[in-house]
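Heads up, the thing below is written out as structure tokens.
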Amino acid sequence: EVLPFTNTAASIVHDAVTDNGGQPNRNLGEAFLCVWKPQNLESNCTTAELSAAETKMCDGALTAFRRCVREIATSGKLAVYAKHESIVKEFGAGGYKTAIGYGLHYGWAIEGAVGTNIKIDCSYLSPNVNLAARLESATKMYGVNVLMSESFHSKLSPSLRQGLRRVDVVCLKGSSIPMAIYTCDRSNA
């Protein structure tokens, strides 16, 4: 029953991501890799056009994951799993609730095919992808649903910055530069 459970959560995540301009890429264990890329930009676009595209992209990502938090928390299909005998045995009655953490970061990545002629996947490689994964992992430590990097936060429109707060300044693994991290209180349980 693990795969139907995962696919139920994936359906919520994939719908929210695509509805808000992103692209689901793949599952990484219990995590989903989703990306946003600037849309409809000409190679000779102005700085203002690029900035507007970056803001739209980051606004779409935060909007998607706010929606995911709400829909995961209220999903009747996912709630049924909390009543499964093995879940109740492990967590107690009412002791389990499905929650997904979201790590948001803005930066470059190399997009391409990874693998061989036996198996090949489209993937994204860069320290920025790793940083987003570390932010997602840190949601558990901070007890929040969403953590975002300073570079992501700085690209958001003023209206989407409402309800966000800085939770810490950290040096994440792989970086020696301190970075502020933010959460979305409107998305936290």
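The values are calculated or read from the model by the stated rules, or taken from the named source; none is laboratory data. This one's a predicted model, so the numbers in the text were calculated from it and none came from an experiment. Positions of Cβ are backbone-derived with ideal geometry, glycine not excepted, and every protein chain shown enters the neighbour counts. These accessible areas exclude ligands, DNA and RNA; they are computed on the full protein's heavy atoms, side chains included. Shrake-Rupley method; radii C 1.70, N 1.55, O 1.52, S 1.80 Å.
In deg cm²/dmol, rounded to 500, what helix-only [θ] at 222 nm does the chain give when every DSSP H run of at least 4 residues adds -39500 (n - 2.57) and the total is split over its residues?
-13500 deg cm²/dmol
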Among ILE181, PRO127, SER151 - extreme Cα towards positive end, dipole of the chain, charges at beta-carbon: ILE181
Radius 15 Å from Cβ of ALA180, net charge of other residues (Lys, Arg +1; Asp, Glu -1): +3
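In debye to the nearest 20, how big a dipole does the stretch 42-188 give about its Cα centre with +1 on each Lys and Arg Cβ and -1 on each Asp and Glu Cβ? Display every interim value, and only then the final one.
Working: 17 positive and 13 negative charges, 117 e Å.
Once rounded to the nearest 20, the dipole reads 560 debye.
Taking only protein heavy atoms and a 1.4 Å probe, what accessible area per residue, in Å², does the chain have with all protein chains in place? Walk me through the intermediate numbers first.
On the way: 11270 Å² over 189 residues.
The answer is 60 Å² per residue.
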³J(HN,Hα) computed for each position of the stretch 158-169 - Karplus, 6.51 cos²θ - 1.76 cosθ + 1.60, integer Hz, glycine/proline x: x, 5, 7, 6, 5, x, 9, 9, 6, 9, 5, 10
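Taking trypsin sites (Lys or Arg not before Pro) as candidate sites, keep only those in a DSSP loop with at most 16 other Cβ atoms within 10 Å, then name the longest stretch of the chain containing none of them.
On the way: sites that count: LYS83, LYS97, LYS119, LYS173.
The longest such stretch corresponds to 1-82.
Whenever you get a sec, compute what percent of the accessible area on the stretch 69-160 sits on carbon and sulfur atoms (1.4 Å probe). All intermediate terms of the calculation are to be shown ahead of the outcome.
Numbers: 3340 of 5580 Å².
Carbon plus sulfur share of accessible area: 60 percent.
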Area of ILE100 that stays accessible when all protein chains are in place (1.4 Å probe, Å², to 10): 30 Å²
Of [x] 29, 21, 17; [y] 23, 22, 17; [z] 52, 24, 15, the label for semi-axes √(5λ) of the Cα gyration tensor in Å derived from the coordinates: [x]
Listed residues ASP121, ASP168, ASP59, most fluctuating in the chain (Gaussian network, C-alpha, under 10 Å): ASP121
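Placing +1 at every Lys and Arg Cβ and -1 at every Asp and Glu Cβ, with all other atoms neutral, what dipole size does the stretch 97-150 have around its Cα centre, in debye to the nearest 20? Intermediate results must be reported in sequence, preceding the final value.
Values: 4 positive and 4 negative charges, 49 e Å.
Around 240 debye, computed over the stretch 97-150.
So, R0 is 30 Å and r is the distance between the beta-carbons of GLU90 and GLN162; what FRET efficiency does that work out to, to 0.05? Could you put the intermediate results ahead of the total?
Details: r = 38 Å, r/R0 = 1.28.
Efficiency, from the Cβ-Cβ distance: 0.20.
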Those lysines that a straight Cα-Cα span of less than 19 Å connects to LYS155, excepting residues fewer than 8 apart in one chain: LYS37, LYS56
